[in-house]
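Down below is the structure, laid out as structure tokens.
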Amino acid sequence: MSLLEIRKLSFAYGDLRVLWDVDLEVRQGEIVTVVGANGAGKSTTLRNVSRLVRPAAGQLLFQGQELTRLESHDVVELGIVQVPEGRHIFPEMTVLENLRMGSYARATRPDRARNIERAFSLFPRLAERQRQLGGTMSGGEQQMLAIARGLMANPKLLLLDEPSLGLSPLFVKNIFDIIAEINRQGTSILLVEQNVFQSLRIAHRAYVLETGRVVLTGTGQELLGNEHVKKAYLGL
Ligand code: ATP
């Protein structure tokens, strides 16, 4: 079943056209990844879905419902949660307070205790550091906290923008394994990444975006074996 359908999405920042007729689908239960070079339009695609910007043309459907007329807070209530690039945790709040902020919406409060438990079991590091101020954690820990906070809102679809950005190689594999585990526990995921190998490794399906156009699509495995992907993105 289709969860998110993007149809012929076009977008421009002023005169700068960034997306051209992008078609993309996330089905229930999938991890879908969008890979591409710097500036290909990956973040802009996510920002359209979470309604941080408005498309020039095209349709965005979530469980059949049109998103283009909605505001970002409406989209969160429907179950779409974006974890932004660059983390944006609250540096002056503790880990626990940051997690609680993720369930400010009334509907998610009854699940707060259970969701904190789940966050701590996915990220044992956060449990150990729950009383520490967010701003004093390492980059990798802040990234974990940002994802854990996103999960507090009970997302049906989690939008992840460059979760591996700035992480040490040791953390990188770890964060992709955790993303796969979050998906196994029932959350569908749309992931945007420059780490092409790791994101294709965990993706059910993937799209390659080049200068704002989808140029290739297939399963994660298919794209890992694709000659163009190997040459252009995997350095093989
Ligand atoms: P990155 O990994 O660098 O974020 P990306 O594939 O996510 O790359 P986008 O961030 O979507 O790419 O950017 C696509 C294009 O839009 C780039 O040319 C970028 O310079 C431009 N752009 C992004 N944000 C803005 C903005 N707020 N105003 C004007 N141009 C922008």
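The table below lists the values:
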read-out: Selection count, segment 1-42, where residues are within 13 Å of the ligand (Cβ to nearest atom), farther than 13 Å from Gly58 by Cα and over 19 Å from the mean Cα position of the chain (by Cα); value: 6
read-out: Search result, residues across segment 222-236 that are within 18 Å of Glu25 (Cβ to Cβ) and surrounded by fewer than 19 Cβ atoms within 10 Å (Cβ to Cβ); value: Glu222
read-out: Selection within segment 112-134 - open to solvent by 40 Å² or more (accessible area, probe 1.4 Å) and in contact (Cβ under 8 Å) with a residue 40 or more places away in the chain; value: Arg112, Arg118, Leu133
read-out: Residue in segment 43-62 that is nearest to the ligand (Cβ to nearest atom), counting only those that are assigned to a loop (DSSP other than H, G, I, E, B) and open to solvent by 50 Å² or more (accessible area, probe 1.4 Å); value: Leu52
read-out: Subset of segment 198-209 (residues that are out of contact with any strand residue (DSSP E or B) (no Cβ under 7 Å at 6 or more places or on another chain) and open to solvent by 50 Å² or more (accessible area, probe 1.4 Å)); value: Arg201
read-out: Tally of residues being open to solvent by 10 Å² or more (accessible area, probe 1.4 Å) and either among the β-branched types (Val, Ile, Thr) or in a strand (DSSP E or B) (or both) across segment 162-192; value: 2
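The values are calculated or read from the model by the stated rules, or taken from the named source; none is laboratory data. Everything quoted here is computed from the prediction, not taken from an experiment. In this analysis, Cβ positions are derived from the backbone assuming ideal geometry, glycine residues included, and neighbour counts consider all displayed protein chains. Calculation scope for accessible area: heavy atoms of the full protein, side chains included, ligands and nucleic acids excluded. Shrake-Rupley method; radii C 1.70, N 1.55, O 1.52, S 1.80 Å.
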